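Below is one structure; the comments refer to it alone.
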Amino acid sequence: MLVVQKYGGTSVGSVERIKEVAKRVAKRKESGDDIVVVVSAMSGETNKLLKLAGEFSQNPKKREMDLLLSSGERVTSALLAIALTEMGYESTALSGRQAGIVTNKKHTQARIEHINIKSMERELGDGKIVVVAGFQGITEVGEVSTLGRGGSDLSAVAIAGALNADICEIYTDVDGIYTTDPRIEPKAKKLDRISYDEMLELASLGAKVLQTRSVELAKKLSVNLVTRSSFNDNEGTYILKEEDIMEKPLVSGIVIDKDQARVTLRGVSDKPGIAAEIFRKLASEGINVDMIIQNVGVDGSTNLGFTIHQDELDMTRDAMEAIGASQSVEFDKNIVKVSVVGVGMKSHSGVACTAFDTLADESINIEMISTSEIKVSMIINEKYGELAVRALHDAYKLDR
Ligand code: ADP
Ligand code: ASP
Ligand code: MG
C-alpha cells in the first residue's frame, strides 16, 4: 500500500514531537507500506516569519515572502528525515522544488499545476521514506512559491493524487472533524464520516482543520482522505463521496470565522452601475468579497456593506481610495461569521429560523445574513461569537 501522511504544525512542534512522528512513520514502514510524509513548519513558525518580515516592511514583495515562508517547512522535512535515518530507516527529505511540485506564478497563493513525480518515485523505488516540505512548490521559471495558509494539506492531497496513493492521512492535534471546533465547544462530537461537499462547506466557511483547496482537490481526484490525531491511535474522520454516506443529518456542523472584516460604504448613489464599479475594482485587485448587503435607498443614496478577509483590509482601503469612495467608507474588524452547515437542509424548511431564534434568545444581534442550499451564515459582533457557536450547537442537538 502507498500512504501519504501529512503532519501539521502542532504535530511537529518540538524536538519530542518530531521524534514521536518519526516513530509513527517507522511503525507504518515496518507494516510494509510505502510512505510519503508531508510536513508543515513547526507550530508558530510561519507566523514568526511573517512578523519578522513586518519588522522591515508593511508591504514586502510576495516573491521574497515565499522564499522566507517556505523555509519553515524545509526545516521540519530535513529534521524528520534526519531523525528517521538515525533510527535506521532510510529516508530522503525533498523541498517542494525537489519533489517536482510545479505551481502557477501567483506568489503566496499559488495553485499546483502539475507534479513531476520522478524523484519521489525513484526514492520510493529505492525503499526510502520520502519526506516532503509542505506548502510550497516552484513556478515554471524556478521561482519558489507557497500555496496559501494551511497549504500543506493541499501539498499532501496533490501528492496523493499524483502518486495514486491508496490513502492520504492528515494528522493533526484533534481526533478528526467535529460538529464544531472542539476547542470552543467541548461537547462537540467527532464525526466518523463526512461528505466532500459538507467538508468543503465547513472549510470554506472558516473551519481551519482542512484547507479549502485541499478538500476541493481531494474531491476532484477522488483521493481517499482521513483526518486523525498524531497524539493517539483513535479512529479519525473519513471524507467520502455523499452517496457513500448513509446517515444524512439535517445539520452537520457549526463554523466560526474570526478572520472577517466588514466594509460599509455610506451615501453611495442609488443608480445603475455603482455596485458594478465597486466590485469590479475589488475583483481586479484580487480581493475576495464574501457577503454583500445593500440597504433600501433614501433620497437617491444608499449604504452598501460587504465582508472581506482581514488580511485584505489594507488592499481594500487602497481600492476604495482609487475609486474616490474613501471619505464614506468604514471598516469593522470586530465581527465574526457564524455558520450552520448541513446537506440535509436542502430538503427541510425552518433550519434558518432555528438559528435566528437561537441568537435572539441570547440577545445577539444579527448584522448580516446569507444563505445557500446547505448553509446559513450570520455576521455578529465578535464578543458573542463563541457564545453563538455553543448556543447553536445546543439548538441543533449536535451533542447527541
Ligand atoms: P494543523 O496544524 O495540524 O494543520 P490546524 O490548526 O490547521 O492544524 O487545524 C486543526 C484545528 O482546527 C483544531 O485544533 C481545531 O481547533 C480547529 N477546528 C476548527 N473547526 C474544527 C472542526 N469542525 N473539527 C475539528 N477541528 C476544528
Ligand atoms: N505553515 C503554513 C501555515 O502555517 C502551512 C501549513 O501549516 O499548512 O499556514
Ligand atoms: Mg492546518
Taking 37 °C and 0.692 mPa s as the conditions, I'd like the Stokes-Einstein D for the range 69-185 in µm²/s, using the Kirkwood hydrodynamic radius from alpha carbon pairs. 218 µm²/s
One finds, for Asn234 and Asp394 with R0 = 30 angstrom and r their Cβ-Cβ distance, a FRET efficiency to the nearest 0.05 of 0.75
With a probe of 1.4 Å, find how much accessible area the range 11-53 has per residue, and write the answer as a whole number in Å². 48 Å²
Membrane-span-like helices (DSSP H runs, Cα span along own axis at least 30 Å, mean Kyte-Doolittle at least 0.0) in the chain -> 62-86
Excluding ligands, DNA and RNA, the carbon-plus-sulfur percentage of the accessible area of the range 1-106 with a 1.4 Å probe reads 55 percent
Roughly how many debye, to the nearest 20, is the charge dipole of the chain about its Cα centre, given +1 on each Lys and Arg Cβ, -1 on each Asp and Glu Cβ, and no other charges? 500 debye
So which of Lys189/Lys241; Lys219/Lys248; Lys258/Lys346; Lys106/Lys337; Lys187/Lys337; Lys51/Lys333 end up more than 24 Å apart, counting from Cα to Cα? Lys258/Lys346; Lys106/Lys337
Residue-normalised accessible area of the range 183-261, expressed per residue, 1.4 Å probe, Å²: 47 Å²
Starting from the Cα of Glu373, step 7 Å along the direction of its Cβ; do the same at Leu221; then give the gap between the two resulting points in nm. 2.6 nm
How high is the relative contact order of the chain, in percent, counting Cα pairs under 8 Å that sit 6 or more residues apart? 13 percent
Provide the per residue accessible area, probe 1.4 Å, for the range 323-386, rounded to a whole number of square angstrom. 48 Å²
Taking chymotrypsin sites (Phe, Trp or Tyr not before Pro) as exposed when in a DSSP loop with at most 16 other Cβ atoms inside 10 Å, the chain has its longest clean stretch at 57-230
Additional length obtainable on full extension of the chain from Ile167 to Asp299, 0.36 nm per residue less Cα span: 41.5 nm
How many percent of the accessible area of the range 244-400 is carbon or sulfur, using a 1.4 Å probe? 46 percent
Return a whole-number percent for the relative contact order of the range 24-143, with Cα pairs under 8 Å and 6 or more residues apart as the contact set. 33 percent
Suppose we take every Cα in the chain and form the convex hull; what volume per residue is that in Å³? 155 Å³
So how exposed is His309, as accessible area in Å² (1.4 Å probe, rounded to 10)? 70 Å²
Would you mind giving the average projected area, over all directions, of the Cα convex hull of the range 323-383 in nm² with one decimal? 5.7 nm²
Spin-label proximity, Arg111 to the range 214-240 - amide N less than 16 Å from point 7 Å beyond Cα toward beta carbon: 214-221
Beyond 23 Å between alpha-carbons counts as too far, so tell me which of Lys61/Lys281; Lys48/Lys383; Lys105/Lys208 fall in that bin. Lys48/Lys383; Lys105/Lys208
List the lysines whose Cα sits under 20 Å from the Cα of Lys29, skipping any in the same chain fewer than 8 residues away. Lys6, Lys19, Lys128
Taking R0 as 56 Å, what FRET efficiency do you get between Lys27 and Ile292 from their Cβ-Cβ distance, rounded to the nearest 0.05? 0.65
Give the share of C-alpha pairs in each 5 angstrom bin for the range 167-233, from 0 to the last occupied bin, in whole percents, shortest bins first. 4, 17, 28, 29, 15, 5, 1
Given the Cα-Cα distance of Asn104 and Lys258 and 0.36 nm per residue of separation, how much length would full extension add, in nm? 52.5 nm
For the range 124-266, report the % of Cα-Cα distances exceeding 20 Å. 52 percent
If R0 = 35 Å, then Asn381 and Glu277, at their Cβ-Cβ distance, give a FRET efficiency to the nearest 0.05 of 0.70
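The values are calculated or read from the model by the stated rules, or taken from the named source; none is laboratory data. The shown structure was predicted, so the numbers you read here are calculated from the model rather than taken from an experiment. Backbone-built Cβ (ideal geometry, glycine too); neighbour counts: all protein chains shown. Surface accessibility is based on the protein's heavy atoms, side chains included, excluding ligands, DNA and RNA. Shrake-Rupley method; radii C 1.70, N 1.55, O 1.52, S 1.80 Å.
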